[in-house]
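The next block holds one structure in the form of structure tokens; read it before the comments.
The values are calculated or read from the model by the stated rules, or taken from the named source; none is laboratory data. Worth saying up front: this structure is predicted, and the values here are computed from it rather than measured. A quick note on method: Cβ atoms are made from the backbone with ideal geometry, for glycine too, and the neighbour counts reach across all protein chains shown. Quick note on the areas: whole protein, heavy atoms, side chains included, nothing else; ligands and nucleic acids left out. Shrake-Rupley method; radii C 1.70, N 1.55, O 1.52, S 1.80 Å.
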Amino acid sequence: MLYARYADRIRFTGAGPAAVEALARGDLVPPPRIKQAITEICEATAAQGSRFWIDAEQQIFQPAIDAWTIDLMRQFNRDGRVVVINTVQAYLKSSAENIHRHLTLAGKEGWALGIKLVRGAYIQHDIRERIHDTKADTDRNYNHIVESLLSRQSPFQELQDTKFPDARLFVATHNAESVRRAYSISRHRILNGLPTIPLEMGQLQGMADEVSCGLLAEYRPESDKPLSGKSPVEASVFPKVFKCLAWGTTEECLHFLLRRAVENQGAVVRTQDTAAAMRREAWRRIGLRW
């Protein structure tokens, strides 16, 4: 059983040449027609009780993407609801400081912050000096941001003259250590009554499935009651796992998955682990039938 809730992804550069030009110029406000379209999407998303992620893109576009997304969160992430979630790339040296800026604004202005944390997807196209020198540095930064947010702290420095805002964290990675570490921290803090924020995790369907499925298989409830019958604390520690499914024409999906495979070469290298995990799961299910 996977935790289910509707969500979608939006790339601002997909809005066409006018959007690309405005983002490249660093315009803090989108062109009127694009702003109207984005607002209509947000309103429809909020009306159906859903939410969506704004994708991170190349650094030439990212300052404007952040500005547009923060403005949407100001408008729609209110009254305990999170409709818009921004994406932060942890391979950037400025990522912790950027999240600190988001936290400060949300705390001062009273809106809810949604952060989807990824490692990064544009290393071949971005300014190399702005990216962590090694993968190990990126991994440390990723895990540090996760632990800080789950502990209701800024990953950059203490929040000044403001409180930690209402926030949500989506850990989007195929890295098994990061996923398990995030869930372990979240579970520990909930069970021990420590302050934290809601955590969700996800990977592409067909990549690192043993990580997401493994979390659900390893979850050990304190009783055999169904999830709906558990106490709020018991239910809150159940792993909230998503799988991202590509939807569209065959050509669109193939292009999307090819880019993801290139970005996630580490996940491809781990295919032997995935195959072994699938064999173990198959034998486990066969054993249950007997």
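Here's the yes/no breakdown for (1) modelled with pLDDT of 95 or more; (2) of a type in the set (A, V, I, L, M); (3) over 26 Å from residue 190 (Cβ atoms):
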site: 121; (1), (2), (3): no, yes, yes
site: 131; (1), (2), (3): yes, yes, yes
site: 149; (1), (2), (3): yes, yes, no
site: 159; (1), (2), (3): no, yes, no
site: 163; (1), (2), (3): no, no, no
site: 169; (1), (2), (3): yes, yes, no
site: 173; (1), (2), (3): no, no, no
site: 176; (1), (2), (3): no, yes, no
Scanning the stretch 28-44 residue by residue, those assigned to a loop (DSSP other than H, G, I, E, B) and surrounded by fewer than 16 Cβ atoms within 10 Å (Cβ to Cβ) turn out to be 28, 29, 31
Test result for residue 218, within 20 Å of residue 143 (Cβ to Cβ), loosely packed, with under 11 Cβ neighbours inside 10 Å and modelled with pLDDT under 75 | yes
Filtering the stretch 153-172 for residues that are closer than 14 Å to residue 115 by Cβ and open to solvent by 80 Å² or more (accessible area, probe 1.4 Å) leaves a count of 2
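Within the stretch 98-121, can you find the residues that are open to solvent by less than 10 Å² (accessible area, probe 1.4 Å) and in a helix (DSSP H, G or I)?
Within the stretch 98-121, the subset open to solvent by less than 10 Å² (accessible area, probe 1.4 Å) is 99, 102-103, 106, 111-115, 117.
Of everything in the stretch 98-121, those that are open to solvent by less than 10 Å² (accessible area, probe 1.4 Å) and in a helix (DSSP H, G or I) turn out to be 99, 102, 103, 106.
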Flagged pairs (Cβ under 6 angstrom, 6 or more apart or on separate chains; first in the stretch 177-203, open to solvent by less than 60 Å² (accessible area, probe 1.4 Å) and among the charged types (D, E, K, R); second at pLDDT below 95 and in a strand (DSSP E or B)) are none
The residue that is most open to solvent (accessible area, probe 1.4 Å), considering only those in the stretch 45-92 that are under 20 Å from residue 15 (Cβ atoms), outside any strand (DSSP E or B) and polar (S, T, N, Q), is 75
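How many residues does the stretch 12-27 contain that are surrounded by fewer than 15 Cβ atoms within 10 Å (Cβ to Cβ) and at pLDDT 90 or above?
Step one: of the stretch 12-27, the residues surrounded by fewer than 15 Cβ atoms within 10 Å (Cβ to Cβ) are 14, 16-18, 21, 24-26.
When the remaining residues are screened for being at pLDDT 90 or above, the result is 16-18, 21, 24-26.
Looking only at that region, the number is 7.
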Matching residues in the stretch 160-193 (closer than 23 Å to residue 79 by Cα and not β-branched (Val, Ile, Thr)) number 9
